[in-house]
Amino acid sequence: MLPARKKYAFGPLFIVLGAIATLATILVAVLPVVTWVNSNAIWLPWLVVAALVAAVMLLIARVTAAKEEIVIADETIVTEVEKARQTTEGLNKARADADAAKSDAEKAKAMARAAVEQTETDRVAAAAAEADAAETRAALESLRSASAALSEPDRDLARHLFEYASDGELLTMLGSFFPYQIPQGPVRLIDELSELPVIRAARNAELERHFGQLAEAARTWRLKFMRVASTDGDHFNTKLDRHVTDAAYKQHTAMTNELGDAGFDLHEKLLAYQRYYASL
């Protein structure tokens with residue numbers, strides 16, 4: 001806050017004194033009374049001079065006081081400006097701290113939400129794993145009870161299916177599918193497997209289920225293979241042998257991806273049959 005200031009730098013008293021002293025000097029110099037003053041009141045000019053000196057001194061003091069007030073006012077203004085700057089910096093820092101706290105709170109909230117979601121996911125996964133384990137135990141019990149009931153024709157069919165399920169070249173081709181070089185041997189085995197239900201049938205229910213799944217997966221792969229494959233020497237591939245439009249190329253790529261997915265499905269069923277056969 002600025003200190004109390006005086007009304008004006010040159011007060012009325014100093015103006016009056018200066019005017020009287022000036023007027024007296026002029027009168028003493030020009031009026032006829034100057035002779036009388038020189039004869040009878042020689043002290044009067046000195047009094048006028050003293051009054052002028054006093055007025056000048058008072059005027060100088062007043063000006064000095066005014067300058068000091070200006071200096072004090074400037075210092076006060078600088079101080080207030082510095083305080084305002086510090087207050088602004090404090091507000092900016094407080095705002096930054098508040099923003100950081102808000103960001104931390106949002107991160108903590110997001111982490112908490114992720115933890116809750118992860119917990120729920122783990123719970124669902126655990127429940128699914130428990131259900132799978134129960135299903136597996138039930139399937140194993142069913143297999144144990146059914147394995148002893150396999151007839152000789154079913155045993156022969158089971159061994160024949162295991163030859164497909166354990167063929168290394170077939171499993172490698174399906175599990176690591178490379179569409180530009182497909183061996184002919186695995187393709188022939190898949191053709192045989194897809195046609196096997198025409199000449200063979202299983203009497204055991206569990207064997208029939210696996211047999212049907214394998215044959216159906218083989219037929220699906222074969223149909224998708226015939227849509228995109230062509231002969232390339234001793235191998236097959238899915239390359240386009242001519243230039244086609246972008247739409248046709250995208251369609252061909254999609255069908256090739258579907259062929260790979262069908263191969264992965266057949267691969268999983270062959271491995272599942274391996275586990276089934278090992279339980280017999």
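No lab work stands behind these numbers, since they all come straight from the coordinates. On a predicted model such as this, the values are computed, not experimentally measured, just so you know. Because the Cβ atoms are built from the backbone with ideal geometry, glycine has one as well, and the counts that use them run over all protein chains shown.
For the reader, a short list of remarks on this structure follows.
- Counting other Cβ atoms within 10 Å as a rough exposure proxy, the listed residues 166, 103 run 103, 166 from fewest neighbours to most.
- Additional length obtainable on full extension of the chain from residue 120 to residue 137, 0.36 nm per residue less Cα span: 3.6 nm
- Computed about the Cα centre, the dipole magnitude for region 220-279 is approximately 140 debye when only Lys and Arg (+1) and Asp and Glu (-1) carry charge, each at its Cβ.
- Prolate/oblate/rounded label for region 150-279 (Cα gyration tensor, a/c 1.5): prolate
- Going from the residue with the fewest nearby Cβ atoms within 10 Å to the one with the most, 63, 81, 228 rank 81, 63, 228.
- Candidate lysines for bridging to residue 239, where Cα separation is under 19 Å - those fewer than 8 sequence places away on the same chain excluded: 224, 250
- With a cut-off of 14 Å between beta carbons, the residues surrounding residue 110 carry a summed charge of +1, where Lys and Arg count +1 and Asp and Glu -1.
- Contour excess over end-to-end distance, with Cα ends at residue 95 and residue 127 and 0.36 nm allotted per residue: 6.8 nm
- The slack in the chain from residue 253 to residue 72, taken as 0.36 nm per residue of separation less the alpha-carbon distance, amounts to 56.6 nm.
- Size of charge dipole - region 150-279 - debye, nearest 20, with Cβ of Lys, Arg +1 and Asp, Glu -1, no other charges: 220 debye
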